[in-house]
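Here's the structure we're looking at; comments come further down.
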Amino acid sequence: MDFERLSMARLEEIQRLINQGYSNRKIAKILKCRTEAVSAVRNGHLTQEVVKGLQQSSGRLPPVWTLQVNWKEVEKEISQGFENVRIWEDYASQLTSHSNFYKYTQKRFSLLLQKTVTLREFNAGEYAEVDYAGDRIEWIDRNGEIHQAHVFIGILCFSQLIFAWAATNEKKVNWLLAHQKMFEFYGGVPKVIVCDQLKNGVVKSHLYDPDLNPDYVELAKHYGTAVVPARVRRPKDKSLVEGAVKLVQRLFGWTYRRHTFTSLEEINLCLSKTVARINAKIHTRFRISRIQRFKDLEKQKLQKLPMDPYDQSNWKIAVVHPDCTVSVERNFYSVPHIHRGKEVRVKTSASQVEIFLNLERIALHVKTKGLLGRRILDHSHLPENSRAFREVTPQNLLSQAKFVHPQLHELIEKLFEKDTLGNLRRVQGLVRKAHSVIQQYGRSQAEPWIAGAVGNLDRFGRITVQAFNEALTQEQKKSHHSEDRTIVRLPGNPMVRGAGEIIGSQTSQLN
């Protein structure tokens, strides 16, 4: 006998048998009722007054275990939004199963548990939702290797026009490229993009102020749109794209269930056919197709595509090395030496490398492709000692030699023709010595010496820095010997040797 059908006569009979000393199981067997009912009567939870009150209110008696639960506290916990299973653990886990407790609470507190539904309304050209499909599409290459294609789905919220594109993975490059292709497919840009909380879109999740991926922000700036991520574990924030994912997956899976794909291009071609079929179908609510609603009402409301194509860039955090460079794609780019050891942000695009410190750009370089381990240096970034070392190049030495003397320039050109790197230090010594002579004696006096010294080096075929020094010394001595340095001794000093003979000869000549 079910407890709900327990009458007052049965209740009195149970009480009589209890008074005679029968056990709960014996009474339940005699009266063909449940032992829970007998136990409730024995414990005083089920009395004639309780039965009368329940029969008058609902006409039926609830399960026995419900009489032992503090429903006021349960109602309070439910109103505060706590999970049903947690409430059951605290208040009824020893009385009944969770399924029974759940069913009873759904009936008893139906108004309290009823959830309100908020209908979302969209304006044309305002919102678009994007997401990746959960199911991946397998394809086999020529070598027999199996790959998986990841499907990106986008939808305009007003017309619900769907876009789909497959890529090899869900990395940031493909994530940004999928947005570019979506904007090109729509022929315009919506004002707001709603995405999931994936790392390509959101670096750090927050309910009100999430940290977006810098590359995603750059894309949004370029196209003039805003990114508003959906809340974590709130699929209804992007319910339209969730529904679009199901539509595309079901139709695509059914249409090509017996087909084996051999390339990613083939998958994208089939995806475009599937999406075109969905977009061309009459919408049950709009009474027209998605594509027709898009062309009539939304296409002209989208923002125009920018004139310049988006140059996809990547951001990374790097530390400036002691040699004033940062590593970018296995090459090294210089940074002003005052920032050595600091953490900087590096933006890399297809054509250039930008380095930022605290939102200020401190370096800009043309990106070098295909040369691993190369150092791209701006000499103004280096300290003085490093700059002096880096300036020792054949071109720089040739320009210095041409400024010093034409003959020295010709000599250095001959040396570089024979062996550029082998004569680099020797040429540096020749130029430095010539500079020092010019600074010490002046250009007008030093140029003939340099010309003569270079001629001697050519004549004897001994071109070394030491030989150049010796030749310069000889040229200096020659210039000193060419001057009239005869000593004329004046007469009249008897203490000077030979002065008496000069005086005597002079006196005889006078006589």
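Readers should treat all values here as calculations from the given coordinates under stated rules, not as data from a laboratory. Only a predicted model underlies this, so the values are computations on that prediction, with no experimental measurement involved. As a convention, Cβ positions derive from the backbone with ideal geometry for all residues, glycine included, and neighbour counts pool all protein chains shown.
When a/c is below 1.5 the answer is rounded, else prolate if a/b is larger than b/c, else oblate, so apply that to segment 314-389 with a ≥ b ≥ c taken from the square roots of the Cα gyration tensor eigenvalues.
Verdict is oblate for segment 314-389.
Rank these for me by crowding, Arg257, Arg250, going from fewest to most other beta carbons within 10 Å.
Sorted ascending by nearby Cβ count, the order is Arg257, Arg250.
Among the listed pairs Lys221/Lys295; Lys199/Lys342; Lys367/Lys402; Lys191/Lys367, which have their C-alpha atoms separated by more than 28 angstrom in this model?
From the list (Lys221/Lys295; Lys199/Lys342; Lys367/Lys402; Lys191/Lys367), the Cα-Cα distance tops 28 Å for Lys367/Lys402; Lys191/Lys367.
Could you put Lys246, Lys72 in order, starting from the residue whose Cβ has the fewest other Cβ atoms within 10 Å?
The fewest-first ordering by Cβ neighbours comes to Lys72, Lys246.
Once amide H atoms are placed 1.01 Å from N in the peptide plane, what residues at a sequence separation of 5 or more from Gln352, or on another chain, have their amide H within under 5 Å of its amide H?
Lys367
With a/c under 1.5 counting as rounded, go ahead and sort segment 127-301 into rounded, prolate or oblate using the C-alpha gyration tensor (a ≥ b ≥ c being the square roots of the eigenvalues; past the cut-off, prolate if a/b is larger than b/c, else oblate).
The shape class here is oblate.
On C-alpha positions alone, give me the angle between the axis of helix 424-441 and the longest principal axis of the chain, in degrees, nearest 10.
60
Out of all DSSP beta bridges in the chain, what portion is antiparallel? Express it as a percent rounded to 5.
For the chain, the DSSP antiparallel bridge percentage is about 85.
Ignoring GluC sites (Glu not before Pro) that are buried or in helix or strand per DSSP, and keeping those with at most 13 other beta carbon atoms within 10 Å, what is the longest stretch of the chain between them?
146-390
Rounding to the nearest 10 and keeping the result within 0 to 90°, find how far the Cα-based axis of helix 465-481 lies from the longest principal axis of the chain.
Roughly 30 degrees between the two axes.
Where Lys and Arg each count +1 and Asp and Glu each count -1, what net charge lies around Leu161 among other residues with Cβ under 10 Å from its Cβ?
+3
What angle, in degrees between 0 and 90 and rounded to the nearest 10, separates the Cα long axis of helix 443-460 from the longest principal axis of the Cα atoms of the chain?
Orientation of helix 443-460: about 90 degrees from the principal axis.
What are the ³J(HN,Hα) couplings of segment 301-309, residue after residue, when phi is run through the Karplus curve with 6.51, -1.76, 1.60 and θ = phi - 60°? Round to Hz, x for glycine and proline.
For segment 301-309, the Karplus-derived couplings read 8, 6, 6, 6, 5, x, 5, 8, x Hz, x marking Gly and Pro.
Rounded to whole Hz and in sequence order, give me ³J(HN,Hα) for segment 349-355 from the Karplus expression 6.51 cos²θ - 1.76 cosθ + 1.60, θ = phi - 60°, writing x for Gly and Pro.
My calculation for segment 349-355 gives 10, 6, 10, 8, 10, 10, 10 Hz in order.
For Asp196, Asp135, what ranking results if the residue with the fewest other Cβ atoms within 10 Å of its Cβ goes first?
Asp135, Asp196
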